[in-house]
Amino acid sequence: MAADRPPFEDVYRDFLGRIYAYVRAQVRTSADAEDITAQVFMNAYQAYDRFEPRNLTPAAWLFRIARNATLDHFRASGRRDRLQRTIEHQPEAEEDPATMAEERIQYRALLAHVAGLPERQRNAISLRHSGLSFEEVGHLMSCSEDAAKMLYHRALKTLRDAVAGQEQAVE
Amino acid sequence: MSDNKEDLELEALQRELDDAFATTRPRRGFEDELWLRMQARRPLWTRLREAVGSWGALFREAPAIPLGAVAVLLVVVIGASILVNSGLRLSPTHNSGAAGVAQAPDMALGAEFGKLPTPALHPGVYPAPAAYGPSASYATFEQSNLYFGSANLRWAGQMPLPAQAPVFRYTEPGVTTADQFAGSVGASSDKQVRSGTGFPATYRGQSFTLTIQPTEPQLPLEPYFTLAPSAPVSTNGADLQDAAATFLGQYTLVPSWPSSVTVHQSGGHVIVQYSRAFQLPGGGVAYLVNWVGQRYGASVDINDGGIDAASGPLPLNLEATNYRLISNDQAVQMALASAPALTQSIQPAPAVDLKTVELVYALAFARGQGYYEPAYLFSGTFQYNGQTYTKRVLVPLVDPSLRS
């Protein structure tokens, strides 16, 4: 193992919560979030010998794997869900109330709004508030640091409008 | 809204987001469960070595993982070593008994699908039956100068960086899946089953016919659909790629998997090809290749300006898992030592410098399941009788000990 590469156990314990939160902000249910998070760390564990900390921080490396795994999830599940709903005329799956009670989320409504953003805006918000710098966000999203900042601020305004829209509807 | 008020609102929202992401965590117990699952997937010898090596450290310092997790792991490791040393063999499908014991075969293999069939080039099986749609037609365009006979091979290229590439698996679909797919494109009525097993099946929709084929194991080729309009659908002079996408979109058949689109023309016959790829965990994609090493996927056939067929793989659920892969050096050695895929050969055997290599996926089929497996596709060209020929060699990347 390279001298400057921390033990995987440390990376795992440091990042599990952050990766889960990032993934949870993308998907509808905690079960999906757990599945994707598990896949992220399985993949990371397998590839850790090839991880080069000189080129990439562990955070950027893990969030790249997480972003790809989440995109894979949407690609795989999107067509299947659409087909299933077409056949059975079923609404989208809802979270089981018992699971919701078990989950440790204080800002469920806000995260639901984040999950409803367009894919790139959702990622910009989620990556940024998972602790990544704008440079890292841009790197992960294949754009410049400045473009990442613009995308993030646009996403923030969209999110604010969505939250405000719902509050007005409730009133 | 004033700028000042807007700024304050956005700052408040940012603080809320910070809190939201900082406090969202998985349920209690998930961290330990996942850690154990990861440990259980490592090769057995690695776990034994580390267990022995870390035994002392376990008692010298605070454990990196909870003691409960360590205890369960030790039970699993010790149980597995007893099984190995006793010479007992459990079938890969064995799933009874305590969880630790049931996992032993998978742990010994290093992956959960059990031993995999080996993907290979099968040029001798070609040409495929005409029923397999435009993709197979496209292969005929490109395969005339491919050479699969014996050759004296030499590696003269540069290997890519090793990449993580999981194995994907589908289970052969039944009639229900085919019926559901037909229903999703508006062709659920007038099903005509042509065999006792339910496959192949033909469905009729409004102004089109849909045919669904099962896996063709000899090639192999995954389950495929072919949708043929009752009369050619004019492209009205539109860009052919756009016309193909519009046609597929009418039936919600635009591929959901990663793909690249190319247009191939031969006289009045055009094929718009969506080459299928698989997303790699570390970024990038690897393309799926067929029995002659040609990329394939979905495609739309256009003849003299009219769309007369579209075909592609039946959408199926894929499971993914990781297998131990061979090193680049091993892959090169296997490529150079590979047996020719065809016995018909040029004499004397030509000398071929393999200069390029690409990480691809190839399909292998066994026991009612299809496996998309990572492989390196090596290729090089040579001259014979004034013609340039291409030699291709497919090297499966899954460790040979994990293949049947």
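Screening the stretch B:289-306 for residues that are of a type in the set (A, V, I, L, M, F, W, C) and surrounded by fewer than 24 Cβ atoms within 10 Å (Cβ to Cβ) and picking the one that is farthest from B:GLY249 (Cα to Cα) gives B:VAL292.
Would you pick out the residues in the stretch B:160-185 that are at pLDDT 90 or above and either on the phi > 0 side of the Ramachandran plot or surrounded by fewer than 17 Cβ atoms within 10 Å (Cβ to Cβ) (or both)? B:THR171, B:GLY183, listed by residue number.
The helices (runs of 4 or more DSSP H) falling completely within the stretch A:1-112 that include 1 or more residues that are modelled with pLDDT under 90 and under 25 Å from A:ALA162 (Cβ atoms) map to A:30-47, A:58-88, A:97-102. In the stretch B:365-380, the residues that are more than 30 Å from B:PRO350 (Cα to Cα) reach residues that are of a type in the set (D, E, K, R) and part of a loop (DSSP other than H, G, I, E, B) with C-beta atoms within less than 8 angstrom, at least six apart or across chains, in these pairs: B:GLY368/B:GLU172; B:GLN369/B:GLU172; B:GLY370/B:GLU172; B:GLY370/B:GLU222.
Can you pull out the strands (runs of 3 or more DSSP E) entirely within the stretch B:282-330 that have at least 3 residues that are more than 18 Å from B:PRO220 (Cβ to Cβ), in contact (Cβ under 8 Å) with a residue 40 or more places away in the chain and touching a His at 6+ places or on another chain (Cβ under 8 Å)?
B:297-303
From the set of residues in the stretch A:15-36 that are within 26 Å of B:TYR323 (Cα to Cα) and more than 7 Å from chain B (Cβ to nearest Cβ), which is surrounded by the fewest Cβ atoms within 10 Å (Cβ to Cβ)?
A:ALA31
The values are calculated or read from the model by the stated rules, or taken from the named source; none is laboratory data. On a predicted model such as this, the values are computed, not experimentally measured, just so you know. Don't worry about glycine lacking a Cβ; one is built from the backbone with ideal geometry, like all the others, and counts go over all protein chains shown.
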